[in-house]
Amino acid sequence: PIHPTRGVGYPCGLGYPKEREEEEKELGAPAEATTIERRYSLPPGEHGEEDEEGDGIWPPIKSLSAMTSVKFKKKRDTVDDEDDLEEYEEEQSEKRNLFRDYEKYVDENIAENLVDAVITSSTYLRMEVDNRFENNTPIFEIFMELQEPNVVYFLNLDTSSKTGFAFFIETLLDDMNNMMGLLNRVAQDPFEVTGQQPINFIDELQDKAELDKQRQEIMNKIKLALQAIRVHGKGYMEYSSLWIWDKSIYLAEVKKFGRNLTLDERDAEADQEGSSLVKPLGMENPPLSVYKEQLDRFIELQDQIRTWDTHEDFFVFLRLNMTGFKAAVLNQVGQWISLFKMDLINRVKNSLK
């Protein structure tokens with residue numbers, strides 16, 4: 001049954017509520033029951049017409065943008081106002097300071113390991129220079145070469161030269177110390193904030209007296225070794241005539257006087273012929289005994305040079321490599337031998353014409 005005024009139907013089995021029944025008796029029931037149809041479209045608008053844009057759904061669904069009022073704060077990309085700039089800088093500074101203690105902790109660990117690397121490298125070099133490991137093996141090598149008319153060393157023995165061996169060792173020690181400057185400290189503001197170059201760890205070596213002591217000990221040993229090489233090299237100067245004398249002048253003197261002249265005799269002959277008081281042979285060609293004497297002399301020198309060592313070690317750690325020097329001197333003495341042999345051969349050829 002349908003209630004005549006409310007338009008609400010109740011199932012027949014349940015009956016009509018007693019309270020409603022008594023209330024309607026007092027008001028009076030209508031003569032006939034009317035049926036009110038259920039509406040499935042939008043209610044009429046202000047002028048009694050339905051909205052043409054309606055989609056037939058009631059209540060209408062509002063957009064999420066209208067229903068929500070959440071506001072998102074835009075990230076600040078640029079700071080134009082001066083007050084905002086100061087506020088922004090303070091904010092960034094506070095954020096950096098939050099990690100400052102941790103950054104200092106990281107710096108301490110980095111500094112400790114870098115200092116350990118420098119000390120380990122320097123100590124290793126000093127131990128090798130002193131042969132503390134008893135390896136009895138050199139770790140450095142200098143080459144002795146003949147560049148007529150000079151004997152040269154690579155690297156050279158001059159302690160003040162920038163191309164010398166001593167300068168090379170100093171540079172090596174500096175490179176060890178410069179490991180402290182390869183990394184910048186973490187606990188510092190960036191260059192964009194301070195406008196200054198970042199600070200590295202090089203100042204950690206200022207109070208390391210043991211490093212200065214090791215450096216001094218190493219350089220003293222290096223200078224002693226270079227001095228020993230210099231003295232050793234002077235021993236070869238007795239053979240210097242092989243690469244200093246002019247071969248054509250020497251041959252002419254031997255053919256004229258039967259031997260080569262001394263420096264004083266040569267100077268006297270240059271000032272005035274005959275003033276050296278050396279009697280010429282007076283022959284177009286010297287006797288064969290003169291050739292034999294000269295050849296025997298240079299062959300004997302050749303045998304001596306072949307017995308030279310190709311290297312010599314000084315204070316164990318520094319080797320002097322004389323392979324190139326020995327080969328060059330042997331080449332020179334070979335040229336002297338060939339000089340007299342070829343002159344003797346030419347003499348025989350000319351006598352047969």
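Per-structure values
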{"read-out": "Any chance P198 is modelled with pLDDT under 95, surrounded by fewer than 17 Cβ atoms within 10 Å (Cβ to Cβ) and closer than 30 Å to E89 by Cα", "value": "yes"}
{"read-out": "Q304 vs. criteria closer than 30 Å to L224 by Cβ and assigned by TED's automatic domain parsing to the domain that holds K247", "value": "yes"}
{"read-out": "Qualifying residue in region 291-302 (condition: of a type outside the set (F, W, Y) and either touching a residue at least 60 places away in the same chain (Cβ under 8 Å) or not in a helix (DSSP H, G or I) (or both))", "value": "yes"}
{"read-out": "All positions within region 311-334 that are assigned to a loop (DSSP other than H, G, I, E, B) and within 9 Å of M144 (Cα to Cα)", "value": "M322"}
{"read-out": "Count of region 155-195 residues which are surrounded by fewer than 16 Cβ atoms within 10 Å (Cβ to Cβ), polar (S, T, N, Q) and touching a Pro at 6+ places or on another chain (Cβ under 7 Å)", "value": "1"}
{"read-out": "Test: residue in region 163-173 that is closer than 26 Å to I110 by Cβ and without any contact (Cβ under 8 Å) to a residue 40 or more places away in the chain", "value": "yes"}
{"read-out": "Members of region 164-200 that are of a type in the set (G, A, S) and in a strand (DSSP E or B)", "value": "G164"}
{"read-out": "Single match in L125, L155, L173 (criterion: over 21 Å from the mean Cα position of the chain (by Cα), within 20 Å of R215 (Cβ to Cβ) and assigned by TED's automatic domain parsing to the domain that holds L226)", "value": "L155"}
{"read-out": "Subset of region 132-146 [modelled with pLDDT of 95 or more and either farther than 30 Å from Q214 by Cβ or of a type in the set (D, E, K, R) (or both)]", "value": "E141, E145, L146"}
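The values are calculated or read from the model by the stated rules, or taken from the named source; none is laboratory data. It should be emphasised that the depicted structure is a prediction, and the values quoted were computed from it without experimental measurement. Cβ coordinates were reconstructed from backbone atoms using ideal geometry, including for glycine residues, and neighbour counts include every protein chain displayed.
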